[in-house]
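Enquirer: The structure follows.
The values are calculated or read from the model by the stated rules, or taken from the named source; none is laboratory data. Please read all numbers here as calculations on a predicted model, not as lab measurements. Neighbour counts run over all protein chains shown; Cβ positions are idealised from the backbone, glycine included.
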Amino acid sequence: MRSYHRFALLLFTISSYAGAVEPTKLRIWNSKSGSKISAKASEMTQNGSIQLITKDDRELTLGIDEFSEEDQAFLEKHFRKKEIQFAANAGTIEGPIRADAKTSYFVYTPKNLDPGTRAPAMIWTQSDGAKQETLQRFTEAADVLGMIIASPIEARHEGQVTLLNNFVHTRNVLSDVRRDYKISGHGIHFGGDKSGGAAALYNSLKIRSAGTYTVSGYLTPNMTGANQGHHFMAGSTNSSHRYMTAYAAAKFEDDATHMLYFGSREMPDSRNITIGMIWMYAQGLYENASSRGDEIETFEERVLPWLKELASISKGQAAYLTRMLSSDCRLKGLFKQEIGKLHTQLLQNNEAVAHVQGTDALDSFSETQLAKYGSHFKPLTEHSPKKFERMIENLERTFAKAQELQPVLKALAKPTHR
């Protein structure tokens, strides 16, 4: 009786979450001290107190910290479902959320997500663990694509066991997200930066993937380039990882592109992230068009207004995407007409034409030059071959009208960071 009374401590009443959630089934609950009680959990309050109803209809209110870790994870999962429904259209980052006793994560639900429509998802593995501020950079892309973005907190760089640990946490988060959302079976993607990018490529090998979006990502010596899907490999011009990223992109051949942006260690801005994720998602989407009609409809409704707005900001970047959609995706109907019309208009601008051609030239430079130095699977610091200066000067002259690419080209001639 004494252990039971300790377990039933902290009896009090506090207002519950808005909206009713069905009680759990009658089950045995375990406390941290080892005592047990048979009851249904009917409510979870805002400060984490749990209302229990025993078989003889007695009501007990216990702090969630009283429960075992496994029971805490179960309770948070059960009572969080209603919160997700309320927040589905809010466009907010939620978390930390427990996937199980050992894995937690942040998740972003895109604005105006139709709960009846299958949604794509991406699990992002940050090299130093998930952070809200990093996930914030993906909100624009998520809203444009109607994509759910989740990021495991415990998946981080941990020496030799990084890939295995990362995979376990990623799998746990993906399973949890699938329970809460209607996830497309063909729309699962992985992403990450640096070692998290390597983990994303590993996860893509282990779990059927539609593709990856990585930043300064790379392959490890025991990984092959046989991943399914399409791989957008972003990388800063002066990152010490740029050669390994180029090498990985070359291994994927036509299923990957290496997009260089100006910088050394920082992440791309939200616009560049959105461009890359459209590239990654659209190609896989239209490859399976016959079974993904609802997703295609959502994509086309969301992406066309964004592309038109992009065209008013950066004609070059808009032309890059409309060219990709026109040439690499089997578009149909009105959307095909709209994209074709927009692309034709953009090609009337000399800077846009130079931007598209210059971007292709940079991708070729990555494959033929940068990739040569990436097969050692080690970051190269303060490194810049002399021949790069001459080659980059030639690219600068050839694509002088591509103003947005000039900082990228100039930076490539400089050494990588320390």
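Here's the yes/no breakdown for (1) modelled with pLDDT under 95; (2) aromatic (Phe, Trp, Tyr); (3) within 24 Å of Leu321 (Cβ to Cβ); (4) more than 30 Å from the chain's Cα centre (by Cα):
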| residue | (1), (2), (3), (4) |
| --- | --- |
| Asp363 | no, no, yes, no |
| His376 | yes, no, no, no |
| Ser384 | yes, no, no, yes |
| Phe388 | yes, yes, no, yes |
| Ile392 | yes, no, no, yes |
| Leu395 | no, no, yes, yes |
| Thr398 | no, no, yes, yes |
| Ala413 | yes, no, no, yes |
| Thr416 | yes, no, no, no |
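Enquirer: Additional query: For residues that are over 18 Å from the mean Cα position of the chain (by Cα) and of a type outside the set (A, V, I, L, M, F, W, C), scanning just the range 260-276, find the one that is surrounded by the most Cβ atoms within 10 Å (Cβ to Cβ).
Expert: Only one residue tops the list, namely Tyr261.
Enquirer: Same structure again: Please give the number of the condition Arg323 fails out of (1) farther than 29 Å from Gln403 by Cα; (2) out of contact with any Asp or Glu (no Cβ under 7 Å at 6 or more places or on another chain); (3) modelled with pLDDT of 95 or more; (4) in a helix (DSSP H, G or I).
Expert: (1)
Enquirer: Kindly indicate the residue of the range 66-81 that is touching a helix residue (DSSP H, G or I) at 6+ places or on another chain (Cβ under 9 Å) and modelled with pLDDT under 85 and also surrounded by the fewest Cβ atoms within 10 Å (Cβ to Cβ) among those meeting that condition.
Expert: Checking each candidate, the answer is Lys81.
To keep it simple, each residue is scored yes or no on (1) assigned to a helix (DSSP H, G or I); (2) not assigned by TED's automatic domain parsing to the domain that holds Ala311.
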residue: Glu338; (1), (2): yes, no
residue: Lys341; (1), (2): yes, no
residue: Gln357; (1), (2): yes, yes
residue: Ala361; (1), (2): yes, yes
residue: Ser366; (1), (2): yes, yes
residue: Ala371; (1), (2): yes, yes
residue: His376; (1), (2): no, yes
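For every residue, the table says whether it meets (1) closer than 22 Å to Gly146 by Cβ; (2) of a type in the set (A, V, I, L, M, F, W, C).
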{"residue": "Gly276", "(1), (2)": "yes, no"}
{"residue": "Phe299", "(1), (2)": "yes, yes"}
{"residue": "Ser312", "(1), (2)": "no, no"}
{"residue": "Gln317", "(1), (2)": "yes, no"}
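Enquirer: Name the residue that is modelled with the lowest pLDDT, counting only residues in the range 260-274 that are out of contact with any helix residue (DSSP H, G or I) (no Cβ under 6 Å at 6 or more places or on another chain) and of a type outside the set (Ser, Thr, Tyr).
Expert: This residue is Arg265.
Enquirer: For the range 220-259, name all the residues that are over 25 Å from Leu285 (Cβ atoms) and either at pLDDT 90 or above or buried (at least 20 other Cβ atoms within 10 Å of the Cβ) (or both).
Expert: Result: Ser236, Thr237, Asn238, Ser239, Ser240, His241, Arg242, Tyr243, Met244, Ala246, Tyr247.
Enquirer: Could you list, ordered by first residue, the pairs with Cβ atoms under 9 Å in which the first is in the range 286-299 and in the same structural domain as Val144 (by TED's automatic domain parsing) and the second is hydroxyl-bearing (Ser, Thr, Tyr) and exposed (fewer than 14 other Cβ atoms within 10 Å of the Cβ), at least 6 apart or interchain?
Expert: Every condition considered, the pairs that remain are Asp294/Thr117; Glu295/Thr117; Glu297/Thr117; Thr298/Thr117.
Enquirer: Also: Residue by residue through the range 341-361, note down the ones that are under 23 Å from Val303 (Cβ atoms) and over 29 Å from the mean Cα position of the chain (by Cα).
Expert: Matches in the range 341-361: Lys341, Thr344, Gln345, Leu346, Leu347, Gln348, Asn349, Glu351, Val353.
Enquirer: Also, I was wondering about something else. Can you name the residue in the range 326-336 that is hydrophobic (A, V, I, L, M, F, W, C) and in a loop (DSSP other than H, G, I, E, B) and, of all such residues, is farthest from Asn272 (Cα to Cα)?
Expert: Leu331
Enquirer: Related question: Could you list, ordered by first residue, the pairs with Cβ atoms under 8 Å in which the first is in the range 368-381 and on the phi > 0 side of the Ramachandran plot and the second is exposed (fewer than 13 other Cβ atoms within 10 Å of the Cβ) and in a loop (DSSP other than H, G, I, E, B), at least 6 apart or interchain?
Expert: Phe377/Pro221
Enquirer: Do you know which residues across the range 391-418 are touching a His at 6+ places or on another chain (Cβ under 7 Å) and farther than 15 Å from Met259 by Cβ?
Expert: Pro415, Thr416
Enquirer: Let me ask something else. Looking only at the range 87-109, count every residue that is β-branched (Val, Ile, Thr) and either modelled with pLDDT under 90 or not in a loop (DSSP other than H, G, I, E, B) (or both) and tell me the total.
Expert: Residues in the range 87-109 being β-branched (Val, Ile, Thr) and either modelled with pLDDT under 90 or not in a loop (DSSP other than H, G, I, E, B) (or both): 4 in total.
Enquirer: Oh, and also: Under 7 Å between Cβ atoms, at least 6 apart or on separate chains: pull out the pairs that start in the range 170-196 with a residue that is under 16 Å from Ala73 (Cα atoms) and end on any residue that is of a type in the set (Asp, Glu).
Expert: Asn172/Asp100
Enquirer: Determine the pairs where a residue that is among the hydroxyl-bearing types (Ser, Thr, Tyr), located within the range 392-407, has a partner that is assigned to a helix (DSSP H, G or I) with Cβ atoms under 9 Å apart, the partner being 6 or more residues away or on another chain.
Expert: Correct list of pairs: Thr398/Ala354; Thr398/Gln357; Thr398/Gly358; Thr398/Ala361.
Enquirer: In the range 292-313, which residues are buried (at least 21 other Cβ atoms within 10 Å of the Cβ) and acidic (Asp, Glu)?
Expert: Listed by number, the list holds a single entry, Glu295.
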